[in-house]
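A quick write-up on the structure given underneath.
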Amino acid sequence: MNDRQLRYAHAVWRERSFSRAAGKMGVSQPSLSEQIRLLEEELGFSLFYRNSRGVESSANGQSFLTAVENVLEGLSGLKDLARELRGKPGATIRVGVNSGLAQNIVPRIVQILGRGSTKIRPDVITGTTRRIQRLVHQQRLDLGLVMEGEVKATSDKLIWDHVGDSEIVALVPPSHPFANRREPVTLAELCKMPLIVNEPRLGYGQALLTLCIESGFTPDIAADCDDMESLKYMVQSGAGVAVAPRIAAEREIAEGLLRAVTLDPPQRAAIQLIRRQEPLPPRLDRFRTTLAKELSELRLPEKPETSAV
């Protein structure tokens with residue numbers, strides 16, 4: 001077992017595809033597959049299996065790859081420490097991005113760093129709001145960009161800056177009866193459909209489900225999915241309707257893979273930049289200030305896909 005095999009397996013887990021993982025790692029697919037085969041032989045169990053949605057982790061694979069992710073993050077932290085000990089503090093900015101914000105926010109992070117006079121390497125991690133909060137609190141990330149959520153034990157340890165918001169919509173596949181609908185969908189209609197929810201126990205997910213219950217409706221929750229990419233795949237496959245921030249699916253809406261239907265009453269989710277109370281090094285704090293300013297000035301597309309049909 002070596003770190004290359006672990007990185008290859010982690011890439012397949014995240015990409016849900018051997019071919020995409022090979023492209024991301026810059027190797028041929030046969031080479032990547034062979035290294036994972038050798039790793040599985042040493043482990044004594046399979047890490048992955050294939051189904052109609054692509055590559056999925058096995059039960060043992062899920063537990064193992066979760067631990068692998070922690071190991072790889074630890075290795076990254078050691079590299080940062082070595083860089084600082086060589087007299088180059090602040091050479092890396094460690095940013096965690098909620099998976100629903102990644103397609104919109106990550107390119108902006110790269111653009112901002114590219115305009116700077118001092119070279120700063122971005123170390124970007126995507127994940128759930130809970131995970132990003134935890135890593136910022138543990139000082140394993142410098143900054144986090146998340147959708148609104150509640151913080152309990154760490155509430156007095158983090159600073160939350162509101163940098164924008166996004167409309168909450170119902171995401172449906174193009175074949176859905178509501179795909180060409182012009183008027184908003186009501187809570188009563190929404191609760192009659194199988195719902196795929198993202199992080200339902202905090203933030204906008206919890207608020208919307210609570211609103212349904214307080215209005216006398218019982219949501220039909222078909223699945224609870226904490227990964228936004230998996231949630232969108234499930235909607236595309238016809239597993240149900242997802243209630244999510246529009247910003248999380250802009251690309252899929254533009255490409256016609258999903259349709260967005262507004263809600264009645266309208267709902268919005270805040271986008272927040274989180275950090276610890278301890279001051280960042282000056283060059284990283286300048287990046288934080290610039291990022292917060294540009295995101296607050298960003299006008300997110302809000303026109304529902306269905307209104308143009």
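At a glance:
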| quantity | calculated |
| --- | --- |
| Segments classed as strands (runs of 3 or more DSSP E), wholly inside region 176-267, with at least 3 members that are within 26 Å of L145 (Cβ to Cβ) and assigned by TED's automatic domain parsing to the domain that holds P107 | none |
| Tally, over region 236-275, of residues that are among the hydroxyl-bearing types (S, T, Y) and surrounded by fewer than 20 Cβ atoms within 10 Å (Cβ to Cβ) | 1 |
| Pairs, first under 20 Å from E297 (Cβ atoms) and assigned to a loop (DSSP other than H, G, I, E, B) in region 147-164, second at pLDDT 75 or above and small (G, A, S), C-beta under 6 Å, six or more apart | E148/A269; E148/A270 |
| Selection from region 180-199 of residues that are closer than 17 Å to D224 by Cα and surrounded by fewer than 20 Cβ atoms within 10 Å (Cβ to Cβ) | C191, K192, M193, P194 |
| Region 91-114 residues that are without any contact (Cβ under 8 Å) to a residue 40 or more places away in the chain, paired with ones that are assigned to a loop (DSSP other than H, G, I, E, B) (beta carbon under 8 Å, 6 or more apart) | A91/K119; A91/I120; T92/I120 |
| Of residues in region 189-204 being aliphatic (A, V, I, L, M) and out of contact with any helix residue (DSSP H, G or I) (no Cβ under 6 Å at 6 or more places or on another chain), the one modelled with the lowest pLDDT | L202 |
| Matching residues, region 205-237, being under 16 Å from P266 (Cα atoms) and under 15 Å from the mean Cα position of the chain (by Cα) | G205 |
| Residue count, region 287-298 (criterion: farther than 16 Å from S166 by Cα and buried (at least 16 other Cβ atoms within 10 Å of the Cβ)) | 3 |
| Filter pass, S31 being under 25 Å from K232 (Cβ atoms) and either exposed (fewer than 14 other Cβ atoms within 10 Å of the Cβ) or of a type in the set (G, A, S) (or both) | no |
| Pick from region 82-114, criterion modelled with pLDDT of 80 or more and among the charged types (D, E, K, R), ranking: surrounded by the most Cβ atoms within 10 Å (Cβ to Cβ) | R94 |
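Conditions (1) farther than 30 Å from T289 by Cβ; (2) aromatic (F, W, Y), marked per residue:
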site: F217; (1), (2): yes, yes
site: A223; (1), (2): yes, no
site: V235; (1), (2): yes, no
site: A242; (1), (2): yes, no
site: P245; (1), (2): no, no
site: V261; (1), (2): yes, no
site: A269; (1), (2): no, no
site: I274; (1), (2): no, no
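The values are calculated or read from the model by the stated rules, or taken from the named source; none is laboratory data. Since the structure is predicted, the reported quantities are computational estimates derived from the model, not experimental observations. Every residue, glycine among them, receives a Cβ derived from its backbone with ideal geometry; neighbour counts consider all protein chains shown.
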